[in-house]
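Below is one structure; the comments refer to it alone.
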Amino acid sequence: MQSLSKQTLAYAAGTILSKLQGFILLPIITRYLTPHDYGILETLTTISFFVSIFSTLNIDAGIGTFYHEQPDDRQRRSIASSGLWLNQCMCIILAITASIVVPQFVRRLQGAAIYSDTLLLTIFTALLTGTASVHSTVLRLKFKTFHFNLMTVGGAFLTFLLSFLFVVNF
């Protein structure tokens, strides 16, 4: 029971720190963005959410389900690496598709051509986030608390920094 409490606290700390970024960014967003710009940001956030769903295809849940059912480390590594490779292939396919489709789609929208690069950047960021999610699951399953928290907090810091720069330079 003590081990469970310790592990829960260790993993929760990294996750909570990563979720604080939205709270910290809110005053910055409301100060620098007009309602129109905020609407664009929310649209990009929604697109990012859906791309993340398609990039992971819940592979992390599948890894989590079958990882500890395997009798030895070799088969566990096989489950983890298969999931990671499947995720990487899916992300590459989505990135190539987005690179082809997004410029065509944006050209058809009147006045939206200036957002083509921003939309592509949002999609590629979502793909990286999806990949990081699968890697985080593997780290958590291997009980690598330090690496999990380092990846979670590092990713949150990078997201915070990029979001801040995006908002200030939008």
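The values are calculated or read from the model by the stated rules, or taken from the named source; none is laboratory data. In this text, all values refer to a predicted model and were calculated from it rather than measured experimentally. Glycine gets a Cβ as well: all are built from the backbone with ideal geometry, and neighbour counts include every protein chain shown. Calculation scope for accessible area: heavy atoms of the full protein, side chains included, ligands and nucleic acids excluded. Shrake-Rupley method; radii C 1.70, N 1.55, O 1.52, S 1.80 Å.
Of everything in region 15-27 that is among the hydrophobic types (A, V, I, L, M, F, W, C) and in contact with a helix residue (DSSP H, G or I) (Cβ under 6 Å, 6 or more places away or on another chain), the residue that is least open to solvent (accessible area, probe 1.4 Å) is Leu25. Among residues of region 143-170 being in contact (Cβ under 8 Å) with a residue 12 or more places away in the chain and assigned to a loop (DSSP other than H, G, I, E, B), the one that is most open to solvent (accessible area, probe 1.4 Å) is Phe143. Close Cβ contacts (under 6 Å, 6 or more residues apart or on different chains) running from residues in region 95-123 that are open to solvent by 60 Å² or more (accessible area, probe 1.4 Å) and of a type in the set (A, V, I, L, M, F, W, C) to residues that are at pLDDT 75 or above and in a helix (DSSP H, G or I) comprise Ala113/Val106. Check whether at least one residue in region 57-64 is assigned to a helix (DSSP H, G or I), open to solvent by 60 Å² or more (accessible area, probe 1.4 Å) and at pLDDT 90 or above, and report yes or no. For region 57-64, residues assigned to a helix (DSSP H, G or I), open to solvent by 60 Å² or more (accessible area, probe 1.4 Å) and at pLDDT 90 or above: absent.
For region 28-50, a tally of residues being free of Cβ contacts under 8 Å to residues at least 24 places away in the same chain, open to solvent by less than 100 Å² (accessible area, probe 1.4 Å) and over 18 Å from Phe160 (Cβ atoms) returns 4.
Of all the numbered requirements in (1) out of contact with any Phe, Trp or Tyr (no Cβ under 6 Å at 6 or more places or on another chain); (2) closer than 20 Å to Lys144 by Cβ, Ile79 misses one, and that requirement is (1). Residues that are assigned to a helix (DSSP H, G or I), of a type in the set (Phe, Trp, Tyr) and within 23 Å of Leu150 (Cα to Cα) do not occur anywhere in region 27-38.
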